[in-house]
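The structure appears right after this line, and notes come after that.
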Amino acid sequence: MSVISTGARRIGSAALDLIFPPRCALCGAGGSFLCAGCAGNLNAASPPRCDRCWRPGTYQDVCPHCQAEPPAFDRLCAAFVYDGNARGVVHALKYRGLTALAEPMASLMLAASGDALEAVDLIVPVPLAGLRRRTRGYNQAESLARALGDELGLPVVPRALARKRHAPPQARSADAETRRRNVAGAFTARPELVAGARILLVDDVTTTGATLASCAAALNEAAATSVGCLTFARED
Ligand SMILES: [Zn+2]
Ligand SMILES: [Zn+2]
């Protein structure tokens, strides 16, 4: 799709938002982009979980994975389990162009994150692969980061991270080790934007945490002080 038609489509969808009042992305009820009933039906990613990577289970402190090989991020928190309803919300944001959903999603993420958010200086979204961003026109992680930034009154710095090279999209069937290898070293961070800062790294969904860990490694290399991760959902 050309840049012009993508732009035209975005303007078109903004105009449609004005003409048609908001409807719930899941059930279609009028009044909001995510109704209270559907938000209440999201499956919370509740404890007990690993304090570090949010893997479900009861652990002494952190899970065996984090003990054997601590991830590059200091902590990860996901608001919901990535099942039916959460998937519906993420897909509406990602593929149906419902960027207005980012606001209610960010509120739910903040409500779920508890003390995971203490001490943050700036918010950084996980970058999309260039090709996907050009086709889709926006990055859903950046939409969430901006909504979080608005609520928290914190700066959002999308340019802090970039993809180093084209990495193949992660097939759902890929095992954890393959995913880790695919994204290891895939990102680079700008020291002039992140050095000395406590970062909140934001994405829509995390699976193994490999992408977030790879981003965190780049941020650490650029002398960030700490990296906490917050996602809307986690594949348990
Ligand atoms: Zn609904
Ligand atoms: Zn862990």
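The values are calculated or read from the model by the stated rules, or taken from the named source; none is laboratory data. Every value quoted in this text rests on a predicted model; they were computed, and no experiment measured them. What goes into the accessible areas is simple: the full protein's heavy atoms, side chains included, and nothing from ligands, DNA or RNA. Shrake-Rupley method; radii C 1.70, N 1.55, O 1.52, S 1.80 Å.
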Whose amide H sits under 5 Å from the amide H of residue 201, counting only residues 5 or more places off or on another chain, with H placed in the peptide plane? 124, 228, 229, 230
Spelling it out for residue 51: with amide H atoms placed in the peptide plane at 1.01 Å from N, the residues 5 or more places away or on another chain with amide H under 5 Å from its amide H are 63
Taking H as built 1.01 Å from N, whose amide H comes closer than 5 Å to the amide H of residue 26, not counting residues under 5 places away? 35
Round to a whole number: what % of the accessible area of the range 18-151 belongs to carbon and sulfur, probe 1.4 Å? 52 percent
Per-residue HN-Hα couplings for the range 46-51 [Karplus 6.51, -1.76, 1.60; θ = phi - 60°; Hz; x = Gly/Pro]: 7, x, x, 8, 5, 4
Measure of compaction for the range 16-129 (Cα Rg per 2.2 N^0.38 Å): 1.24
Excluding ligands, DNA and RNA, what is the solvent-accessible area per residue of the range 189-236 at a probe of 1.4 Å, expressed in Å²? 31 Å²
Using θ = phi - 60° and Karplus 6.51 cos²θ - 1.76 cosθ + 1.60, couplings along the range 204-212 (whole Hz; Gly, Pro as x): 7, 9, 10, 9, 9, x, 5, 5, 4
Under Karplus coefficients 6.51, -1.76 and 1.60, residue-wise ³J(HN,Hα) of the range 186-203 in Hz, glycine/proline x: 7, 10, 9, 10, 8, x, 5, 9, 10, 4, x, 9, 8, 9, 10, 8, 10, 9
